[in-house]
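Worksheet: one structure, shown below.
The values are calculated or read from the model by the stated rules, or taken from the named source; none is laboratory data. Source: prediction; values computed, not measured. Neighbour counts are summed over all protein chains in view; Cβ atoms, including those assigned to glycine, are modelled from backbone coordinates with ideal geometry.
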Amino acid sequence: MPCPITGKEQAYEEFCQEGVESGPANRLWSSPIARSLRRSVGRATGDFSMIEDGDRILLGLSGGKDSLTLLHVLSELRTFSPVRFDLSACTVALTGMDVTSLKSYCDARGVQYIVLRHPIIEIIEARNERSPCSFCANMRRGILSSRARDGGFNKVALGHNLDDAVETFFMNIFRTGRAKSFQPKFLQDRTNVEVIRPLVYTSEVSIVNEARRLELPILPSACPYAGKTERQHTKEILATLKTRYPDLCASVVNALKNIDSSDRWSDVWSG
């Protein structure tokens, strides 16, 4: 699992923030996904039993590179996989967000598209939230999960990738003193909807390259807090570490999958 080439990370950030201009029916949108990316998603879905026969999956489509790439690979997987499942996409849209290109893309991929508009930024400003990114992510996930439950979907697919998992791991160490990251798959008790993250083995650089190749209709960020987050700061720290430890991402994943109770201090000193 290679990490992104750190020397190009600034270009990746600019690519993601600026968005991509795409026509209403880009011919590349019908192209197959890259074999390496399809393989990494296949390994993740297999290792964590993410997709089962008869699943109805609602994909959270933010308009960013990750969720658009995930939509491409899952809509392709749906056509040739022996496991039969339904796939729809849903955008929790911020105020004034233009989702026309996302609708065109979903139409091209044969995926039902749902838009839920919610004034999340206005709520954050009114509450003077100290952690706007966390609040926004939790609110959007809650809205998405509720829509999934009400629409008869049993799973929600999110576009978090390998680098997101590693960044979350270090953010937890830095801020909470806990060696943990988000789970590739978990059940939300409130809605009884399962959340899956099929891109958890896929590096950010692979996703960026594929989004460029397919000319996916990436929307420019509408978030006023973009680039000012704790995650961005952690990303910059990791970019420095990766120059010395190029297998950092793979090592963190291996650690998360092989946490030994004997390594915990409480067990060592229990006598």
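Data table
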read-out	value
Every residue from segment 72-95 that is basic (Lys, Arg) and surrounded by 13 or more Cβ atoms within 10 Å (Cβ to Cβ)	78
Residues of segment 46-83 satisfying the condition of being of a type in the set (A, V, I, L, M, F, W, C) and outside any loop (DSSP other than H, G, I, E, B)	57, 58, 59, 68, 70, 71, 73, 74, 77, 80
Filter result for residue 231 (of a type outside the set (Val, Ile, Thr) and in contact with a Cys (Cβ under 8 Å, 6 or more places away or on another chain))	yes
Identity of the residue in segment 77-129, among the basic types (Lys, Arg) and modelled with pLDDT of 85 or more, that ends up farthest from the chain's Cα centre (by Cα)	84
Residues within segment 157-216 that are among the basic types (Lys, Arg) and either closer than 30 Å to residue 30 by Cβ or at pLDDT 95 or above (or both), tallied	4
Every pair of residues 6+ apart whose Cβ atoms lie under 7 Å, when the first sits in segment 51-75 and is of a type in the set (S, T, N, Q) while the second is assigned to a loop (DSSP other than H, G, I, E, B) and surrounded by fewer than 24 Cβ atoms within 10 Å (Cβ to Cβ)	67/159; 75/110; 75/111
Failed condition for residue 206, given (1) among the small types (Gly, Ala, Ser); (2) crowded, with 19+ Cβ neighbours inside 10 Å; (3) more than 16 Å from the chain's Cα centre (by Cα)	(3)
Filtered residue count, segment 244-257, keeping only those that are within 20 Å of residue 164 (Cβ to Cβ) and either exposed (fewer than 11 other Cβ atoms within 10 Å of the Cβ) or of a type in the set (Ser, Thr, Tyr) (or both)	3
Qualifying positions in segment 96-122 - surrounded by 14 or more Cβ atoms within 10 Å (Cβ to Cβ), out of contact with any Pro (no Cβ under 8 Å at 6 or more places or on another chain) and of a type in the set (A, V, I, L, M)	97, 99, 108, 111, 114, 115, 120
